[in-house]
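Here the structure comes first, spelled out in structure tokens, and everything after it is commentary.
The values are calculated or read from the model by the stated rules, or taken from the named source; none is laboratory data. Everything numeric in this text was worked out from a predicted model, so none of it was measured. Counting neighbours? That spans all protein chains shown, and the Cβs are built from the backbone with ideal geometry, glycine included.
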């Protein structure tokens, strides 16, 4: 080859959703230019020996809360993306429940400015889809969103929950854009009623949190959202699937051809209500970590494709906000972006899933679902060189104090894990190298909205949308 590469990663085991093979990876101008045997590689300015390491496409975490702007004591774009880099995550999608919520093009532009100045890894920004932001959808798309977030249930930040009528109109409008809507699928009215009664009955213990949001809140919300998506043609993604029970409406909607995808998180696969006694308020998250019987069906759903990907719902809070005695006053969520890969690699080591399955769930599927494939989520010529080099044999113990996140408190503290990202590259640049943050990586991350290519919109029942029926003058008295 006449061309020389900028960087050559040699002697590693390259992982794809289908295979693991010994290969070198050549990188030039931030992109992969060759994958193959060492003797077929171009010369390179720098060579990294990856002997003993697996070379994975960087994980894409489609569900993080970096709290910036608004809650800098919990997290900001620098600390959150540093945590991502340490976790082998090369692209993150940040949720809109910051202050102010990302619901206007001006607020979105300000958030883009913050993210681009601080991010160590690439990112997408969600626009808020709420009762009063429907008219902003075209401007938010023009301003660069990866998709939209709709809160069917109350969570941190107290974003108002739209009525079903507003959701239908919102789905009608977003359907025309082709963008995907990520849904917090819990039915708010059920939860509010139950929480009010539980508080009145004096229940302040951690398990009261599950009691206020039984799985039926998810069954109802997923079913309702799927019907609205089917009617409008909107594409939807079900966030943080926590229960075995909501898998049935997911499967049924997929079988009917609804463009619906779903995610679960490590805490729903690996923790249960049995851990509440040990972690008390620290484990409080929406939707809740549920009874142990939910774990096996969630693993099966990952295996059979009912659940499409792994995300984290990285939701950092300060230790004092997680350790209050009254469960209703504990902020919901905990950090996850840094630990998802080690936790899932531990499951790989245990034989729970294959390393190929993991790459599909953490990188290839999210890239496909969000229109970033084959630029992201794959190790092949032409793709961005977003890579993480992991030592699958490295055994260590999670220590909250050593997390990159500002939130030094999680239900993973003290957990033995096996598997660790040693180096993370974003578009060919090391952002984390030998377990240290690269000093000039801050501000390297950039928004992926400009490379997103969603399939053409599929709009259903366009003649019955609210816009159609209110803007077309009805010709009264015309002969039929």
Output for the range 345-366, where each listed residue is closer than 24 Å to residue 404 by Cβ and touching a strand residue (DSSP E or B) at 6+ places or on another chain (Cβ under 6 Å)
345, 346, 349, 359, 361, 362, 363, 366
Inside the range 17-33, can you point out the residues that are in contact with a strand residue (DSSP E or B) (Cβ under 8 Å, 6 or more places away or on another chain), surrounded by 15 or more Cβ atoms within 10 Å (Cβ to Cβ) and in a loop (DSSP other than H, G, I, E, B)?
30
Considering the range 439-448, residues that are touching a residue at least 40 places away in the same chain (Cβ under 8 Å) and assigned to a loop (DSSP other than H, G, I, E, B), and then whichever is surrounded by the most Cβ atoms within 10 Å (Cβ to Cβ), we arrive at 445
Enumeration of residues in the range 346-391 that are within 14 Å of the chain's Cα centre (by Cα) and without any contact (Cβ under 8 Å) to a residue 12 or more places away in the chain:
368
Regarding the range 112-120, can at least one residue be identified that is in a loop (DSSP other than H, G, I, E, B) and assigned by TED's automatic domain parsing to the domain that holds residue 372?
yes
Is it the case, given these coordinates, that residue 207 is touching a helix residue (DSSP H, G or I) at 6+ places or on another chain (Cβ under 9 Å), in the same structural domain as residue 250 (by TED's automatic domain parsing), in contact (Cβ under 8 Å) with a residue 12 or more places away in the chain and surrounded by fewer than 16 Cβ atoms within 10 Å (Cβ to Cβ)?
yes
Which of the following residues is surrounded by fewer than 21 Cβ atoms within 10 Å (Cβ to Cβ) and either outside any helix (DSSP H, G or I) or touching a strand residue (DSSP E or B) at 6+ places or on another chain (Cβ under 7 Å) (or both): 153, 130, 157?
157
Residues satisfying the stated conditions in the range 160-173, i.e. surrounded by fewer than 23 Cβ atoms within 10 Å (Cβ to Cβ) and closer than 21 Å to residue 465 by Cβ:
162, 163, 164, 165, 166, 168, 169, 173
Take the range 34-55 and flag every residue that is more than 28 Å from residue 348 (Cα to Cα) and surrounded by 20 or more Cβ atoms within 10 Å (Cβ to Cβ).
41
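Quick grid of which residues meet (1) in contact with a helix residue (DSSP H, G or I) (Cβ under 8 Å, 6 or more places away or on another chain); (2) outside any helix (DSSP H, G or I); (3) modelled with pLDDT under 95:
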site	(1), (2), (3)
261	yes, yes, no
287	yes, yes, no
302	yes, no, no
312	yes, yes, no
321	no, no, no
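Filter the range 169-198 down to the residues that are in a helix (DSSP H, G or I) and closer than 27 Å to residue 367 by Cα and list them by number.
170, 171, 172, 173, 174, 175
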Within the range 400-419, restricting attention to residues that are in contact with a helix residue (DSSP H, G or I) (Cβ under 6 Å, 6 or more places away or on another chain) and under 24 Å from residue 57 (Cβ atoms), which residue is surrounded by the fewest Cβ atoms within 10 Å (Cβ to Cβ)?
418
Meets criteria (farther than 23 Å from residue 182 by Cβ and outside the structural domain of residue 71 (by TED's automatic domain parsing)) for residue 387:
yes
